[in-house]
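The values are calculated or read from the model by the stated rules, or taken from the named source; none is laboratory data. Computed from a predicted structure; not experimentally measured. Please note: Cβ atoms are built from the backbone with ideal geometry, for glycine as well, and neighbour counts cover all protein chains shown. These accessible areas exclude ligands, DNA and RNA; they are computed on the full protein's heavy atoms, side chains included. Shrake-Rupley method; radii C 1.70, N 1.55, O 1.52, S 1.80 Å.
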Amino acid sequence: MGMGSDMYRQQILDHYKSPRNYGELEDPTFSHTGENPSCGDTIQMDVRVDDDDTIEYVTFTGDGCAISQASASMLSERLVGMTLDELNALETEDITDMLGVTISPMRIPCAVLGNQVAKDGAKIHRGELDPDEYGETITES
């Protein structure tokens with residue numbers, strides 16, 4: 001566990017205490033809320049995309065453990081400039097790499113919650129998922 005992991009832990013704490021892009025968008029292209037039932041974390045991701053399906057702006061709100069909130073905060077910065085296809089291609093490993101610390105299997109659902117919420121919201125926005133089965137989503141036309 002050298003120096004590196006401490007630096008990353010600091011980064012997680014920093015994002016947890018001072019989350020980036022925290023709040024709700026006035027006019028999101030889509031907004032989706034999801035939760036991790038095993039530990040009660042909830043996250044809402046508000047995403048605005050341009051006409052080319054490129055993500056212009058992301059905000060999030062929610063509460064839960066440091067890992068779920070820090071991950072959503074980091075993701076809110078990382079997603080800007082990505083397309084919805086690129087968002088959908090993100091894997092668990094991409095998220096854990098972004099966090100930079102080894103996460104126990106029990107905590108993986110916390111780490112990927114924001115990513116899953118953003119992906120589900122994007123798929124509902126595109127008509128690929130049934131909104132009735134995937135929690136609450138508001139999609140603006």
* Looking only at the stretch 12-34, count how many residues are of a type in the set (A, V, I, L, M, F, W, C), within 18 Å of residue 116 (Cβ to Cβ) and touching an Asp or Glu at 6+ places or on another chain (Cβ under 6 Å). => 0
* Structure fact -> In the stretch 35-75, anything touching an Asp or Glu at 6+ places or on another chain (Cβ under 6 Å), small (Gly, Ala, Ser) and either part of a loop (DSSP other than H, G, I, E, B) or at pLDDT below 95 (or both) is listed as 64
* Residues being open to solvent by less than 40 Å² (accessible area, probe 1.4 Å) and within 12 Å of residue 79 (Cα to Cα) - total across the stretch 39-59 -> 8
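Yes/no per residue for (1) open to solvent by 30 Å² or more (accessible area, probe 1.4 Å); (2) at pLDDT 95 or above:
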| site | (1), (2) |
| --- | --- |
| 77 | yes, yes |
| 85 | yes, yes |
| 95 | no, yes |
| 100 | no, no |
| 111 | no, yes |
| 117 | no, yes |
| 132 | yes, no |
* Asked: Which pairs do you get when a residue that is on the phi > 0 side of the Ramachandran plot, found in the stretch 93-106, comes within reach of a residue that is part of a helix (DSSP H, G or I) and at pLDDT below 90, reach meaning Cβ atoms under 6 angstrom, with the pair 6+ apart or on two chains?
  -> 100/8
